[in-house]
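Notes to accompany the following structure.
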Amino acid sequence: MQTLYIPFLSDYPMILTLLGLVFGGLLTLLVGTKSEKGARALAALSLLGGLLLNVLLLLRVDTTTVFHDIVWLGSETDPLMTLGFLGDGLSAPIAVLILALGLFSVVYSFFYMENLKHPGLYYSLMVWFVAAMVGVVYATNLLEFFVFYELMLIPAFVLVYVYGVSEDPDKRSKNALQFWVWTAIGAMISIFATLFLFGATGTFDIQTLYTASIPTDVAKLIGVMFLLGFGMKLGLVPLHVWAPPVYGEAPIPVLVLLSGAMTKTAAYGVIRIVIPIFRTVLADYSLGLMVISIVTMFYGAMLAIAQKDLKMMLAYSSISQLGYLMLGYTSMTLVGVNGATFQIINHGVLASLMFFCAGIIKMKTGTMEFDKLGGLAPKMPVLATVFVLGGIALAGTPPMSAFVGEFMIFTGAASLAGNGWAYVALLVIGVMATGLTAAYYLWAIRRTMYGPIPEGLEQVSDPPLTIIAILGIMAFIVVVIGIWPELLWRYVQPVLLAIIGGG
């Protein structure tokens, strides 16, 4: 297939993306001290440039892999440490997702973040947050991976601490600190696992580790440590303690990056690192991993049903949906991991879409409490359409994108049914969880969009055209991938086949 090739830009998209975001963020910070409009423009242009470069990368990795290796320590002939950047059918789509969500969040902030204090700081932190996440996805060795992984925490922490929604600074700092502590602990556990793995193999290179010989007992310990570290960042039950208060504290544009993008870097780490290296030894823990997946799915769903606030319902829904990702990992099969990879993209788009919708409701009505909402569909028909589409898509309704991912995940989990009745029972319970998802989203749609409109909300209307365009693009992606999953499959499948085989 003929692909678009632009000299230099097509050859160095990953390096140019990171440099553009780092220096774009710095210019945003400097210009923001004088002009909020200037900060907005620079942040948006930095992210737009990165997005376009990665779309070029995505077009190239349909037929080839783009790789760069820079010697950081040592010599060219005897490198001690290198910085590698890999663009393939797994990293490129997720990088495009992160950059697109970053761009959409920044543009959304133009309307949502009113009376913004220190606008240069806010917009530069958003750009640097995206840069660190993209660095995680590109990394080719574990040390580099976790340098970017740790760097993510700094802008995320400051964004929650400085721009959190709580008027009480003590509450805001407590929630931000809780986020920092829990996710930093998770990252540290993963770093210790990385050092143990280096001690056992003598290398940090991820590709080399795929074929390295590791004693079984050592591999089991390191594999569990990685899962524990990534599980904290994902917010799997019972490692989710930080997620609800932080999701409640973060303003909507920041929350989109936390839930829609940041958690996906941990999910990516499991697929890129844990499953290819530790797949065989972790098969012994498949029942326990499946239990964690199902508990996460049900715990998040039950608490979502109990919420009186749309934002918190969506927060617990995000926790529940991450259980599906874990279930895809559990089977360690090609189809199950494919499903989990699809869900990285699906959940990133759908969760962000629903949070954007919730933010619009807050902008237009001043509240996200269900008891104070209702009857918005006739007043906000575009928003209502997108909100309904997103809700039924997250419930796994065909032909929306999440159906494809969930189908593959449950197909992979079904391959474990021959291991005993417990696996069969858990699979049935997992399928039932999709019904709970449909229940709380339909209830949310009923309570916000239909029924009598509360007094004082008679004059609400759809959001500005710019935000409608963002919602339209995201809704379009949800429908197109659901109808034509080959668009994503063609990139993901060859990479997964190469790193985990056809099992």
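Each reported figure results from applying straightforward, stated rules to the coordinates on display, with no laboratory input. Predicted model only: the values in this text are computed from it and were never measured. Please note: Cβ atoms are built from the backbone with ideal geometry, for glycine as well, and neighbour counts cover all protein chains shown.
A few notes on this one:
- ³J(HN,Hα) computed for each position of the stretch 199-212 - Karplus, 6.51 cos²θ - 1.76 cosθ + 1.60, integer Hz, glycine/proline x: x, 7, 10, x, 8, 9, 5, 5, 4, 5, 5, 4, 10, 6
- Under 20 Å from the Thr367 label point (7 Å along Cα→beta-carbon), backbone N, the stretch 241-275: 248-249, 252
- Remark: C-alpha extents of the stretch 234-338 on the principal axes read 43, 25, 22 Å, sorted largest to smallest.
- Ala439 versus Thr216: modelled label distance in nm, points set 7 Å from Cα along the beta carbon direction: 4.3
- Table column - 3J(HN,Hα) (Hz), the stretch 281-290, Karplus curve with 6.51, -1.76, 1.60, x for Gly and Pro: 6, 6, 4, 5, 9, 4, 5, x, 5, 5
- In terms of surrounding Cβ atoms within a 10 Å radius of their Cβ, Arg40, Arg490 rank from fewest to most as Arg490, Arg40.
- Subtracting the Cα-Cα distance of Asp170 and Ile185 from 0.36 nm times their residue separation leaves 3.2 nm of extension gain.
- Selection from Ala184, Gly24, Tyr450, by position along the positive dipole direction of the chain (Cβ): Tyr450
- Only lysine pairs 8 or more places apart or on separate chains count here, and in the chain those with Cα atoms under 15 Å apart total 12.
- Long-range amide H partners of Asn141 with built H, under 5 Å: Gly84, Ile206
- Helical runs (DSSP H, four residues minimum) scored at -39500 (n - 2.57) apiece and divided by the length of the chain put the mean residue ellipticity at 222 nm at -23500 deg cm²/dmol.
- Listed values for the stretch 489-501 are Karplus-derived 3J(HN,Hα) couplings in whole Hz (6.51 cos²θ - 1.76 cosθ + 1.60, θ = phi - 60°), namely 4, 4, 8, 6, 4, x, 5, 5, 4, 6, 9, 10, x, and x replaces Gly and Pro.
- Relative contact order (%) - the stretch 1-151, alpha-carbon pairs under 8 angstrom, separation at least six: 30
- Fewest-first sequence of Tyr441, Tyr161 by Cβ atoms within 10 Å of each Cβ: Tyr161, Tyr441
- Counting neighbouring beta carbons within 10 Å and listing from fewest to most, the residues Lys37, Lys379 come out as Lys37, Lys379.
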